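Encoded as structure tokens, the structure appears first; notes follow it.
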Amino acid sequence: MKRLIPIDIETNLNRIPLLSGFFNAVSKLTLFVLRFFKEALKPPYEFSELAKQSYQVGNRSFALIAITAFIMGLVLTIQSRPVLAEFGATSWLPSMVAVSIVREIGPVITAVIFAGKVGSGIGAELASMKVTEQIDAMEVSGINPFKYVVVTRVIATTLMLPVLVAFADAVALYGSYFGANLKEVVSFHLFFSEVFGKLDFSDVFPAFIKTFFFGFSIGIISCYTGYNAGNGTEGVGKAANAAVVFGSLLVFLVDMIAVQITSLFT
Amino acid sequence: MEDIVVKIEHLKKSFGNNHVLADINLQVKKGENLAILGKSGTGKSVLIKCLVGLLNADEGEISIFGKSLADIDENGLNEVRKKIGFVFQSAALYDSLSVRENLEFPLRAQPAKPQHEVDALVEEVLQNVDLKDAIDKMPSELSGGMRKRIGLARSLILRPDIMLYDEPTTGLDPITSKEISKLILDMQHKYKTTSVIITHDIECAHITANRLAIIDKGLCVAEGTFDEMIKSEDKFVKAFFK
């Protein structure tokens with residue numbers, strides 16, 4: 001009798017270490033995410049540690065995001081202006097830049113910077129805590145390290161990234177206003193009337209919602225890589241690196257999904 | 001039977017093909033200080049981590065105060081852990097917290113205490129380890145010996161019945177090692193704790209322990225007092241105490 005499945009799937013997977021390694025990592029990450037929700041919903045809640053982490057997460061990347069956002073708005077305006085000028089459409093500049101920044105560039109660039117600055121920090125910190133037995137020390141004290149270390153950091157990144165994105169959008173729009181004034185004089189009132197005149201609910205709301213998912217993805221992947229780091233200083237370096245690489249990758253994946261979902265309703 | 005605090009029966013633990021603990025049988029009586037000696041990589045730290053449930057045994061049984069670790073759930077294990085103080089090899093101080101916060105941290109697992117009681121406890125344990133001035137320092141500002149002392153103070157703050165020390169003198173100079181060993185003994189006398197000390201420092205074992213056990217190739221090859229070990233005719237024991 002002819003076999004419907006000629007090759008044993010499991011054996012075949014084991015022959016491809018990269019593929020079996022990928023599925024292994026995905027299954028472990030899934031269990032990690034499920035544990036996060038279980039621990040996050042179960043009292044006691046670590047509110048003081050959450051407040052401390054939220055402050056640190058926001059504070060750590062505040063200046064970097066402000067500078068990047070300003071340059072982002074400025075450069076986008078300077079680069080777009082000649083093209084619009086060719087069609088005599090420079091009056092569209094504020095609204096075009098506003099829609100680009102609020103819908104896509106602001107959230108994605110801020111999230112990628114956040115993954116680099118905060119994600120790597122969390123990955124390295126947790127890996128270092130594991131290597132120096134600090135996580136074991138919490139466990140033997142009868143304190144749940146997952147709840148104290150992982151849950152607080154993931155919630156902090158989830159809550160703080162939208163705040164940072166809103167801040168980055170505002171700074172980028174100011175950078176754009178500054179850029180628009182390099183070639184001609186545009187009043188503050190006129191520029192921002194154009195900006196807010198063109199932005200509507202369908203631009204702002206989906207972009208705002210997806211930043212929570214960006215923050216969650218960066219937080220969970222950073223904690224996962226740190227919490228499961230190998231021993232030694234090499235493990236710390238690898239965890240920090242993996243947090244940035246996979247955090248940034250997840251941001252683009254989540255963005256792609258978010259755009260597809262948004263397009264269904266618009 | 002009642003005065004046996006820790007009981008280890010036929011304990012086995014492997015990591016892949018590496019059989020670290022082959023068949024360990026040990027008992028620790030109340031108020032006793034047991035030093036477990038052995039060469040590096042013989043599974044001493046694995047054994048002590050099994051005692052607090054940081055690692056699960058593959059086979060065999062560990063009982064603490066008559067409760068088998070295999071029969072209790074996570075909450076039960078946490079209750080047992082509250083009776084145990086663990087001093088890690090690296091002291092395992094929380095880098096982001098000051099000495100005061102490090103000492104207060106284990107109290108989170110207990111019902112909330114008024115701040116003046118917490119302050120009194122912190123002051124007492126710091127006084128015990130003679131480091132009252134270090135209260136507002138960060139771990140990065142402490143020397144190796146000071147870190148070990150603070151690690152010991154943090155373990156004592158919950159007034160445990162059992163103290164587990166993982167290589168308490170590793171990485172310290174001979175003078176500081178001796179100070180730490182004497183401190184372990186002082187704390188045992190003051191708080192009437194039962195202690196298990198993992199070490200390969202013969203002097204530390206001599207100062208602190210009432211009884212010694214030697215582990216080799218995953219088995220407990222010798223047990224007895226320090227004097228008995230010195231007089232032993234066993235080749236391995238003789239080589240160890242030379």
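The values are calculated or read from the model by the stated rules, or taken from the named source; none is laboratory data. Keep in mind the model is a prediction, meaning the values are calculated, not measured. Positions of Cβ are backbone-derived with ideal geometry, glycine not excepted, and every protein chain shown enters the neighbour counts.
Going by what's in this entry, would residue A:67 be described as more than 14 Å from chain B (Cβ to nearest Cβ) and modelled with pLDDT of 95 or more?
Yes, satisfied.
Which one is farthest from residue B:110 (Cα to Cα) among residues in the range B:59-83 that are touching a residue at least 60 places away in the same chain (Cβ under 8 Å) and touching a helix residue (DSSP H, G or I) at 6+ places or on another chain (Cβ under 7 Å)?
B:64
One line per residue, one yes/no per condition, for (1) more than 15 Å from the chain's Cα centre (by Cα); (2) assigned to a helix (DSSP H, G or I); (3) surrounded by fewer than 20 Cβ atoms within 10 Å (Cβ to Cβ):
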| site | (1), (2), (3) |
| --- | --- |
| A:196 | yes, yes, yes |
| A:211 | no, yes, no |
| A:218 | no, yes, no |
| A:225 | yes, yes, no |
| A:233 | yes, yes, yes |
| A:251 | no, yes, no |
| A:257 | no, yes, yes |
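Identify all residues within the range B:85-104 that are facing chain A (nearest Cβ under 7 Å) and hydrophobic (A, V, I, L, M, F, W, C); write none if there are none.
Of everything in the range B:85-104, those that are facing chain A (nearest Cβ under 7 Å) and hydrophobic (A, V, I, L, M, F, W, C) turn out to be B:86, B:88, B:92.
If we keep just the residues of the range B:78-88 that are assigned to a helix (DSSP H, G or I) and surrounded by 17 or more Cβ atoms within 10 Å (Cβ to Cβ), which is farthest from the chain's Cα centre (by Cα)?
Step by step, filter the range B:78-88, then rank; the result is B:78.
Tell me, which residue of the range A:111-156 that is out of contact with any Asp or Glu (no Cβ under 9 Å at 6 or more places or on another chain), over 24 Å from residue B:84 (Cβ atoms) and surrounded by fewer than 24 Cβ atoms within 10 Å (Cβ to Cβ) is farthest from the other protein chains (Cβ to nearest Cβ)?
Filtering first and then ranking leaves A:112.
Just wondering, is there one or more residues in the range B:173-196 that are of a type in the set (Asp, Glu), under 22 Å from residue B:83 (Cβ atoms) and within 16 Å of the chain's Cα centre (by Cα)?
yes
Given the criterion at pLDDT 95 or above and of a type in the set (Phe, Trp, Tyr), identify the matching residue among A:214, A:188.
A:214
Only one of (1) surrounded by fewer than 21 Cβ atoms within 10 Å (Cβ to Cβ); (2) in a helix (DSSP H, G or I); (3) free of Cβ contacts under 8 Å to residues at least 40 places away in the same chain is not met by residue A:185, so which one is it?
Every condition holds for residue A:185 apart from (2).
For residue B:42, which of the numbered conditions (1) in contact (Cβ under 8 Å) with a residue 24 or more places away in the chain; (2) closer than 23 Å to residue B:180 by Cβ; (3) within 11 Å of chain A (Cβ to nearest Cβ) fails to hold?
Failed condition: (3).
Which condition number in (1) more than 10 Å from every other protein chain (Cβ to nearest Cβ); (2) among the hydrophobic types (A, V, I, L, M, F, W, C); (3) touching a residue at least 24 places away in the same chain (Cβ under 8 Å) is the one that residue B:118 fails?
With (1) more than 10 Å from every other protein chain (Cβ to nearest Cβ); (2) among the hydrophobic types (A, V, I, L, M, F, W, C); (3) touching a residue at least 24 places away in the same chain (Cβ under 8 Å) applied to residue B:118, the lone miss is (3).
With respect to residue A:58, is the statement that it is small (Gly, Ala, Ser), modelled with pLDDT under 95 and not in a helix (DSSP H, G or I) true?
Here the answer is no, as residue A:58 does not meet what is asked.
Please count how many residues of the range A:54-72 are farther than 30 Å from residue A:151 by Cβ and touching a Leu at 6+ places or on another chain (Cβ under 6 Å).
0
It is to be established whether one or more residues within the range B:61-75 are within 11 Å of chain A (Cβ to nearest Cβ) and either part of a strand (DSSP E or B) or within 19 Å of residue B:187 (Cβ to Cβ) (or both).
no
Within the range A:101-110, does at least one residue satisfy the condition of being modelled with pLDDT under 95 and over 30 Å from residue A:243 (Cβ atoms)?
no
Return the total of residues in the range B:121-149 being charged (D, E, K, R) and within 14 Å of chain A (Cβ to nearest Cβ).
Of the residues in that region, 2 qualify.
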